[in-house]
Structure formats: structure tokens, C-alpha cells
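Asker: I have a structure I would like to understand better, so I am pasting it below and will then ask my questions one at a time.
The values are calculated or read from the model by the stated rules, or taken from the named source; none is laboratory data. Note that the structure is a prediction, hence the values are computed from the model and not measured. Virtual Cβ from ideal backbone geometry, glycine too; neighbours counted across all protein chains shown. Calculation scope for accessible area: heavy atoms of the full protein, side chains included, ligands and nucleic acids excluded. Shrake-Rupley method; radii C 1.70, N 1.55, O 1.52, S 1.80 Å.
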Amino acid sequence: MGETRTWPAVAVASAITLVCAIVGGIAASAAVAELTRGPSAAELRDAQAAETALRWERWPTGRIFPATLAYTSEQGGPELARRVGISSRSDCRGAVDTAVAGRMTAAGCRAVLRATYLDALQGIVVTIGVAAFPDEHRARAAVPIFPGDGAAAPGLRALAFPGTVTDRFSAGGRQSLIVRTAGPYLVLATAGQVDGRPARALGEQRETMFSFTEDLAEKVGAILTAPASPDCTAKEWQC
């Protein structure tokens with residue numbers, strides 16, 4: 001009758017312990033690797049998007065609306081528009097005409113920041129508005145709220161500053177409106193003449209008179225969406 005060999009209990013226990021140690025070591029190594037690895041490309045993109053969407057709230061308004069904005073004049077030369085002032089209010093409903101205020105709120109508008117600029121010749125006044133939304137998709141979905149033909153109303157409310165040459169800029173004096181998307185923001189610019197005259201009082205209007213306002217809107221949009229190096233240790237970044 002053949003002999004049957006059996007593993008001693010101690011040997012079996014040792015083998016099991018060794019296997020568990022190996023498995024545990026692998027798991028621990030994986031955990032350490034996960035904890036110590038840098039953020040992935042997708043995580044960095046998400047962090048950038050989240051940080052950009054909060055710039056309206058965390059940045060000083062003077063950074064969003066700098067003292068001067070460059071533009072190209074009708075004649076093709078470089079010019080500078082100068083900032084007159086920045087609104088202290090940021091509520092969505094108060095920054096746009098009543099006819100579109102409810103739709104802006106329903107679309108997810110978080111805030112509208114406004115500032116007013118003068119062109120280089122101080123003949124045209126421009127109010128620029130930055131409407132903040134949770135993400136780029138909602139910002140784009142809000143574009144049809146405003147006229148698509150350049151009509152000034154219903155649109156961004158004029159922002160005048162008493163005691164300056166902008167003090168006559170009012171709802172009736174608005175003569176154009178442009179709307180551009182910049183990531184999770186809508187950038188709006190409405191313009192008129194400093195004497196406050198309504199569009200109907202001008203007769204035939206030069207089509208290019210207010211075209212430079214698009215340059216101003218694009219400059220503000222570029223400021224708000226400029227890429228930044230992620231700093232995952234800072235509170236405004238969530239990597």
C-alpha cells in the first residue's frame with residue numbers, strides 16, 4: 001500500500017500567510033501609486049473648467065474689466081477703449097431687460113458683471129456684460145435669448161455713470177448688441193453715442209460704427225478663459 005504524504009499544518013499556514021502578504025503588498029503598492037500619482041489629463045481639464053467657471057466670483061472685477069481694452073478702428077488702426085466704471089451689482093435680473101430676465105434665470109445665469117467703456121474719440125459708449133453660467137453648454141444654450149440681428153433690445157442694460165460723459169447713456173440710446181460665448185460665459189456688449197440719441201434719430205447709420213465692440217467683447221472673453229497652470233494645492237483648484 002503506497003505511502004500518502006501530507007503537508008504539516010504549520011507549512012500550510014506559512015504558505016497561506018506568504019500568499020496573503022504578496023497580495024497585500026500588491027494592493028498596498030497600487031494604493032500608494034494611486035495616492036502619489038499626478039492628476040491625469042482628464043482631471044486637469046476638469047479642474048481647469050471648474051476654476052474658469054468661478055473666475056467671475058473669485059477674481060477682482062478690475063482683472064476681468066481692465067482699465068483699457070485694445071480694438072481696431074474703422075480705419076484699421078489700433079486704438080484703446082478706456083474704462084469709465086464697473087457696476088457694484090451682479091444680479092442677473094437687474095442687468096438685462098425685463099423681457100429676458102426670467103429666461104436668463106431659467107437658463108442658469110449665476111451673475112452678470114458690467115462695466116462701461118469709451119472709445120478712443122469719446123464719442124461712443126459701450127457697456128460690456130459678463131453673464132456667468134455653470135458650464136459652457138448652458139452658456140451656449142442661452143444665446144438665443146437675445147436678438148440675433150444686432151438689435152439692442154431686449155438685451156443688456158446700459159450702465160451710465162453720473163458726472164461723466166456716459167451719463168446720457170440709457171435704454172433708449174442703445175443702438176447695437178453683440179453676444180459672444182467664452183467657455184461658461186456669455187459676453188454681451190451694447191453701445192450707443194455719448195449724447196444719448198436713439199437710433200431712430202440718426203437716419204442712415206454706418207454699419208461699421210459699432211463693429212469695434214466685438215473686439216472689446218472678445219478681449220474680455222479671452223481674459224476670462226485664458227489657460228492657467230493648475231495648482232492642485234490651491235483652494236480654487238480641485239484636481
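Asker: Of all residues in the range 169-196, which are touching a residue at least 60 places away in the same chain (Cβ under 8 Å), farther than 12 Å from V143 by Cα and assigned to a strand (DSSP E or B)?
Answerer: Correct list: A189, T190, A191, G192, Q193.
Asker: Are any of the residues in the range 143-154 under 15 Å from the mean Cα position of the chain (by Cα), in a loop (DSSP other than H, G, I, E, B), modelled with pLDDT of 95 or more and not basic (K, R)?
Answerer: no
Asker: Assess whether A151 counts as being touching an Asp or Glu at 6+ places or on another chain (Cβ under 9 Å) and farther than 17 Å from R110 by Cβ.
Answerer: Values: touching an Asp or Glu at 6+ places or on another chain (Cβ under 9 Å): no; farther than 17 Å from R110 by Cβ: yes.
Against the criterion (touching an Asp or Glu at 6+ places or on another chain (Cβ under 9 Å) and farther than 17 Å from R110 by Cβ), A151 does not qualify.
Asker: Hey, can you tell me all the residues within the range 63-77 that are out of contact with any helix residue (DSSP H, G or I) (no Cβ under 8 Å at 6 or more places or on another chain) and open to solvent by 40 Å² or more (accessible area, probe 1.4 Å)?
Answerer: Taking the range 63-77 as the starting set, the residues that turn out to be out of contact with any helix residue (DSSP H, G or I) (no Cβ under 8 Å at 6 or more places or on another chain) are 67-68, 75-77.
If the condition is that a residue be out of contact with any helix residue (DSSP H, G or I) (no Cβ under 8 Å at 6 or more places or on another chain) and open to solvent by 40 Å² or more (accessible area, probe 1.4 Å), then A67, T68, Q75, G76 are the ones that fit.
Asker: Another question about this same structure. How many residues, within the range 182-194, are over 15 Å from R110 (Cα atoms) and β-branched (V, I, T)?
Answerer: 2
Asker: Looking only at the range 78-105, count every residue that is buried (at least 19 other Cβ atoms within 10 Å of the Cβ) and in a strand (DSSP E or B) and tell me the total.
Answerer: Total satisfying the criteria: 3.
Asker: Residue check: is S73 of a type outside the set (K, R) and within 19 Å of F169 (Cα to Cα)? Talk me through it step by step, then tell me what you get.
Answerer: On the way: of a type outside the set (K, R): yes; within 19 Å of F169 (Cα to Cα): no.
Criteria not met by S73.
Asker: Something else: Here are the criteria: (1) modelled with pLDDT under 95; (2) within 13 Å of the chain's Cα centre (by Cα). Tell me which single one E218 does not satisfy.
Answerer: The single condition E218 does not satisfy is (1).
Asker: Filter the range 96-154 for residues that are in contact with a helix residue (DSSP H, G or I) (Cβ under 8 Å, 6 or more places away or on another chain) and among the hydroxyl-bearing types (S, T, Y); which is nearest to Q193 (Cα to Cα)?
Answerer: Y117
Asker: Looking at (1) farther than 23 Å from R63 by Cα; (2) touching a Ser or Thr at 6+ places or on another chain (Cβ under 6 Å); (3) open to solvent by less than 50 Å² (accessible area, probe 1.4 Å), which is the one condition that is false for L159?
Answerer: Evaluating L159 over (1) farther than 23 Å from R63 by Cα; (2) touching a Ser or Thr at 6+ places or on another chain (Cβ under 6 Å); (3) open to solvent by less than 50 Å² (accessible area, probe 1.4 Å) leaves (1) as the failure.
Asker: Kindly evaluate D149 against the criterion of being surrounded by fewer than 19 Cβ atoms within 10 Å (Cβ to Cβ) and not β-branched (V, I, T). Give the derivation first.
Answerer: Values: surrounded by fewer than 19 Cβ atoms within 10 Å (Cβ to Cβ): yes; not β-branched (V, I, T): yes.
Here the answer is yes, as D149 does meet what is asked.
Asker: Another question, then. Tell me yes or no: at least one residue of the range 108-117 is more than 13 Å from I145 (Cβ to Cβ) and hydroxyl-bearing (S, T, Y).
Answerer: First, the residues of the range 108-117 that are more than 13 Å from I145 (Cβ to Cβ): 110-111, 113-117.
Retained after the next criterion (residues that are hydroxyl-bearing (S, T, Y)): 116-117.
Yes, the range 108-117 contains at least one residue that is more than 13 Å from I145 (Cβ to Cβ) and hydroxyl-bearing (S, T, Y).
Okay, residues lined up against (1) among the basic types (K, R); (2) closer than 28 Å to E79 by Cα:
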{"site": "G102", "(1), (2)": "no, no"}
{"site": "A106", "(1), (2)": "no, no"}
{"site": "R157", "(1), (2)": "yes, yes"}
{"site": "P162", "(1), (2)": "no, yes"}
{"site": "R174", "(1), (2)": "yes, yes"}
{"site": "G183", "(1), (2)": "no, yes"}
